[in-house]
Amino acid sequence: MTTLRLLAADGTVTDAALNAGGSFTRPASALRSRVAYAAAHVVPKVHADNTPGQPADIDWDSTLAFRRNVYSWGLGVADAMDTAQRNMGLDAAATRELIARSAEVAREEGGSVVVGVNTDHLTETHVSLDQVIDAYKEQLHFTEEQGAGPVLMASRHLARVATSADDYRRVYRSVLESATVPVVLHWLGTAFDPELAGYFGADDWQTASGVLLDVIAENPGKVAGVKMSLLNAESEISVRESLPEGVRMFTGDDFNYVSLIGGDALAPVPERAERDEGHSDALLGAFAALTPVASAAIQALDDGDPSRYLEILGPTEELSRQIFAAPTFYYKTGVAFLFWLNGHQPAFQMVGGLHSARSLPHLSRIVGLANASLALEDPELARERWHGMLRLNGVDA
């Protein structure tokens, strides 16, 4: 029996049986029951100066090859978002190049791509509301020119300067007026970015969600969807049920996505037949780490088999909770780690040295949970790479 060596926080080691891969099959046609985007990260060049504060020097071959892989599984790509280390190492020049290159790949592959629009190219920390508006518009128009769908991300600059809910209404109204295509609004919680406290003018989600819904109602036809990343299923369902017709809810809840995406399809059969198909679509960093598993689960929903959906995707939620454990903003390290284990990048390195942001026992638990949930695409390769990493760190494997 082939085994995996695992390392606990107290230094003890154990062995677990290495599972075979999930043997998932790529879809023969487009996924139908859910719209799903994998929020992908970027791969740096192995020989680059991948240390804190240095500009991103990206391995474009590996970075774009993974986008093509996502499309082959029937998912869309969400790019240049927080998973790609926006505000955590991806500088403005690299962001623009990533958006342009990713949009080109989407056209070549016939895939769907949405990308983050923010104000993070501004060099000043504190700016005026008018400067926030202009910065948003600059990135928005560049994204539209590339042919990518815009995701209007939460802005640190706006969070710093806004003094009321009306400031948020004003900024979003001005930016949305200039949009030539409908956008997705992104509500990113403080677990992901503590600098966004009080976003939409309130610390409690009930009040803030009212402002978000006002923005949507005041700008008809301008909002295609909302991506909520509060790690709070109650808040997402509440907003989802209040959205106007035609506006999608994209879950960004990497803790509770199984039930949120499954929605009413998971209800008992008699109730399911009497209810609308209330559910969230998906725009998740977790789906970049779990692309084949996510695709197979949605294919099961397409086939009208919610039990199979739960069987496939249910076990991954514990893995995702480990990847996104506090401090949650370091989840990118776990995503990149699984990229490397699964053979999608040549080395476990990240822009800005972020590969050092998680401990070896934390990564070991990711290995064990990925093995248990069949998220290791090539188990033997993953084992070889992980054991090599253990030996490099003085652990016998």
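The values are calculated or read from the model by the stated rules, or taken from the named source; none is laboratory data. This one's a predicted model, so the numbers in the text were calculated from it and none came from an experiment. A quick note on method: Cβ atoms are made from the backbone with ideal geometry, for glycine too, and the neighbour counts reach across all protein chains shown. The area values use the complete protein model at the heavy-atom level, side chains included, leaving out ligands, DNA and RNA. Shrake-Rupley method; radii C 1.70, N 1.55, O 1.52, S 1.80 Å.
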Practice problem: Those residues that are in contact (Cβ under 8 Å) with a residue 24 or more places away in the chain and either open to solvent by less than 70 Å² (accessible area, probe 1.4 Å) or among the polar types (S, T, N, Q) (or both), I need them from the range 384-397; list them, please. | Solution: 385, 386, 387, 389, 390, 393, 395, 397
Quiz prompt | Tally, over the range 343-383, of residues that are open to solvent by less than 40 Å² (accessible area, probe 1.4 Å) and of a type in the set (S, T, N, Q) | solution = 4
Quiz item: Can you tell which of 288, 224, 296, 217 is open to solvent by 20 Å² or more (accessible area, probe 1.4 Å) and in contact (Cβ under 8 Å) with a residue 40 or more places away in the chain?
Solution: 224
Exercise. Can you tell me which residue among 62, 29 is closer than 26 Å to residue 246 by Cβ and among the hydroxyl-bearing types (Ser, Thr, Tyr)?
Key: 29
Quiz item: Just for helices (runs of 4 or more DSSP H) wholly inside the range 257-369: which have at least 1 residues that are under 29 Å from residue 116 (Cβ atoms) and among the small types (Gly, Ala, Ser)?
Solution: 257-262, 286-289, 291-302, 316-323, 331-341
Self-check item: Counted residues, the range 1-54 - those being under 30 Å from residue 76 (Cβ atoms) and in contact with a Pro (Cβ under 7 Å, 6 or more places away or on another chain)
Solution: 7
Quiz item: Which ones in the range 130-148 are in contact with a helix residue (DSSP H, G or I) (Cβ under 8 Å, 6 or more places away or on another chain) and either within 22 Å of residue 250 (Cα to Cα) or open to solvent by 20 Å² or more (accessible area, probe 1.4 Å) (or both)?
Solution: 131, 136, 137, 140, 141, 142, 143, 146, 147, 148
Exercise. Only one of these is under 18 Å from residue 80 (Cβ atoms) and open to solvent by 50 Å² or more (accessible area, probe 1.4 Å): 113, 175, 181, 151. Name it.
Key: 181
Quiz item: What pairs can you find where one residue is in the range 236-258 and surrounded by fewer than 22 Cβ atoms within 10 Å (Cβ to Cβ), the other is part of a loop (DSSP other than H, G, I, E, B), and their Cβ atoms are less than 6 Å apart, with a gap of 6+ or different chains?
Solution: 255/231; 258/314
Self-check item: Tally, over the range 16-68, of residues that are open to solvent by less than 40 Å² (accessible area, probe 1.4 Å), touching a Gly at 6+ places or on another chain (Cβ under 7 Å), part of a loop (DSSP other than H, G, I, E, B) and farther than 29 Å from residue 228 by Cα
Solution: 1
Quiz item: Out of the range 150-167, which residues are part of a helix (DSSP H, G or I) and out of contact with any Asp or Glu (no Cβ under 9 Å at 6 or more places or on another chain)?
Solution: 166, 167
Quiz prompt | Candidates 243, 260, filtered to the one that is modelled with pLDDT of 95 or more, within 24 Å of residue 319 (Cα to Cα) and among the hydrophobic types (A, V, I, L, M, F, W, C) | solution = 260
Self-check item: Failed item, numbered, when residue 263 is tested on (1) surrounded by fewer than 20 Cβ atoms within 10 Å (Cβ to Cβ); (2) under 20 Å from the mean Cα position of the chain (by Cα); (3) at positive phi
Solution: (1)
Exercise. Scan the range 34-62 for residues that are under 30 Å from residue 261 (Cα atoms) and either modelled with pLDDT under 95 or of a type in the set (Lys, Arg) (or both) and report the count.
Key: 1
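So that you can scan it fast, the table gives a plain yes or no per residue for (1) closer than 25 Å to residue 226 by Cβ; (2) of a type in the set (Lys, Arg); (3) modelled with pLDDT of 95 or more; (4) in contact with a strand residue (DSSP E or B) (Cβ under 9 Å, 6 or more places away or on another chain):
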{"site": "72", "(1), (2), (3), (4)": "no, no, yes, no"}
{"site": "99", "(1), (2), (3), (4)": "yes, no, yes, yes"}
{"site": "102", "(1), (2), (3), (4)": "yes, no, yes, yes"}
{"site": "122", "(1), (2), (3), (4)": "yes, no, yes, no"}
{"site": "130", "(1), (2), (3), (4)": "no, no, yes, no"}
{"site": "135", "(1), (2), (3), (4)": "yes, no, yes, no"}
